[in-house]
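Coordinate-derived values only; no laboratory data. This structure is a prediction, so every number in the text was calculated from the model and none was measured. Note: ideal-geometry Cβ built from the backbone for every residue, glycine included; neighbour counts use all protein chains shown.
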Ligand SMILES: [Zn+2]
Ligand SMILES: [Zn+2]
């Protein structure tokens, strides 16, 4: 049991929780305490329990992201949906790895201008709308000439 743990900075922890709370609110789920994405992914996930924890999802490095302690590799899960909530050998998060990976791909959007994680309709750091991209940025610049 040599599970190497990568330290998650408080900033990243807050980002991940905000991202998942935003997603819960967007689909009309009451933002519960604890923050947990299990009900977003699995209608049969059952009730949440305990505290919010962050779960690491490791995968091959891509998009130049080498560290694992980034929002692209972290999901909010309650204790009930992690190892702490194991019931009769069933651990929710380890049996839903593919769904959790799909979720991460779906909800993580990087700002094309400042590369910050975008939560909501626009970048919280530079204000660039989330629907914008480099192509429209360029179009705006050339039309302004
Ligand atoms: Zn849960
Ligand atoms: Zn930005």
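Based only on other Cβ atoms within 10 Å, what is the fewest-to-most ordering of 83, 11?
11, 83
Just order 86-92, 96-102 by mean Cβ neighbour count inside 10 Å, highest at the front, would you?
Taking the mean over residues of other Cβ atoms within 10 Å, the ranking is 96-102, 86-92.
Over region 10-108, what is the relative contact order in percent, taking alpha-carbon pairs closer than 8 angstrom and at least six residues apart?
Answer for region 10-108 is 28 percent.
Fewest first, what order do 112, 94 take by the number of other Cβ atoms within 10 Å?
94, 112
For 16, 27, which order do you get if you count the other beta carbons within 10 Å of each Cβ and list the fewest first?
Exposure proxy ranking, most exposed first: 27, 16.
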